[in-house]
1. Treating the Cα atoms of the protein assembly as shown as identical point scatterers in vacuum, please give the log10 of the normalised Debye intensity I(q)/I(0) at q = 0.15 Å⁻¹, two decimals.
2. Where both partners of a DSSP beta bridge lie in the protein assembly as shown, what percent of those bridges are antiparallel, to the nearest 5?
3. Report, in debye and to the nearest 20, how large the dipole of chain A comes out about its Cα centre when Lys and Arg carry +1 and Asp and Glu carry -1 on their Cβ.
4. Which of the pairs A:41/B:58; A:41/B:71; B:68/B:112; B:71/B:112 have their Cα atoms more than 25 Å apart in this structure?
5. Restricting attention to the protein assembly as shown, give the cysteines that have no other cysteine Cβ less than 4.7 angstrom from their Cβ.
6. Can you tell me the accessible area per residue over the protein assembly as shown, all protein chains present, probe 1.4 angstrom, in square angstrom?
7. Aspartates and glutamates within cross-link reach of residue A:22: Cα-Cα under 16 Å, excluding same-chain residues under 8 positions apart?
8. Excluding residues fewer than 8 places away in the same chain, name every one of the aspartates and glutamates whose C-alpha is closer than 18 Å to that of residue B:57.
Amino acid sequence: ETGVTQTPRHLVMGMTNKKSLKCEQHLGHNAMYWYKQSAKKPLELMFVYSLEERVENNSVPSRFSPECPNSSHLFLHLHTLQPEDSALYLCASSQEAGGEQYFGPGTRLTVT
Amino acid sequence: GENVEQHPSTLSVQEGDSAVIKCTYSDSASNYFPWYKQELGKRPQLIIDIRSNVGEKKDQRIAVTLNKTAKHFSLHITETQPEDSAVYFCAANADNAGNMLTFGGGTRLMVKP
């Protein structure tokens with residue numbers, strides 16, 4: 001499947017590290033999303049970009065910083081994370097904000 | 001904002017039986033209700049959706065019903081097969097939140113052969 005790709009697929013980082021997650025969509029969509037999926041809260045919407053502008057920020061801690069340089073790429077910059085941030089981070093895209101979403105395979109993040 | 005509740009959280013059925021998963025939502029302006037299936041280790045994928053101008057939609061063994069008055073919608077899977085085993089998520093859009101989807105907590109369906 002090549003519709004929505006994410007890298008890396010797995011990431012282990014210490015609490016003092018800085019890393020970035022990358023998402024790329026090849027579907028010509030205008031909206032992109034970051035979700036956090038953990039056992040406690042299965043699918044939490046973190047950020048939404050529509051036409052490269054952030055339209056949603058669900059009270060996410062500032063240690064998560066999104067970036068959308070163009071409509072095909074979405075990044076999630078991570079710094080000074082906590083162990084409770086360990087989760088699967090899913091990227092998704094849709095033709096327009098709120099429409100049918102196509103998910104990427106996710107990045108399994110472990111914070112040690 | 002929108003609040004979506006999903007029940008049950010786990011469901012175990014015998015192969016060939018039917019499975020029903022129910023969701024309720026709070027925002028009466030919601031008009032789009034998708035269902036996603038997530039197999040173990042894989043990404044969520046849309047399996048069926050319904051819009052508020054219809055009450056029921058069917059696709060082979062899968063059907064979704066919507067009751068706008070009561071603000072609930074349900075996923076029905078008939079003649080279940082082991083490959084139906086997965087986590088299923090319902091969602092509803094929220095008109096006052098840029099039309100974003102709010103997901104239910106998920107239902108882990110196990111189909112026993």
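The values are calculated or read from the model by the stated rules, or taken from the named source; none is laboratory data. This one's a predicted model, so the numbers in the text were calculated from it and none came from an experiment. FYI the Cβ positions are ideal-geometry reconstructions off the backbone, even for glycines, and counts take in every protein chain you see. Protein only, heavy atoms only, side chains kept; ligands, DNA and RNA dropped before computing areas. Shrake-Rupley method; radii C 1.70, N 1.55, O 1.52, S 1.80 Å.
1. Cα-only, vacuum Debye calculation for the protein assembly as shown: -1.00.
2. On the way: 75 of 84 bridges.
Given both bridge residues lie in the protein assembly as shown, the antiparallel proportion sits at roughly 90 percent.
3. On the way: 10 positive and 11 negative charges, 109 e Å.
It works out to roughly 520 debye.
4. Details: A:41/B:58 29 Å; A:41/B:71 22 Å; B:68/B:112 33 Å; B:71/B:112 31 Å.
A:41/B:58; B:68/B:112; B:71/B:112, as the Cα separations exceed 25 Å there.
5. A:68
6. Working: 10830 Å² over 225 residues.
Counting only protein heavy atoms, the per-residue value for the protein assembly as shown is 48 Å².
7. Counting by Cα, and skipping residues close in sequence, residue A:22 has these aspartates and glutamates nearby: A:52, A:67.
8. Those aspartates and glutamates meeting the cut-off are A:100, B:49, B:79.
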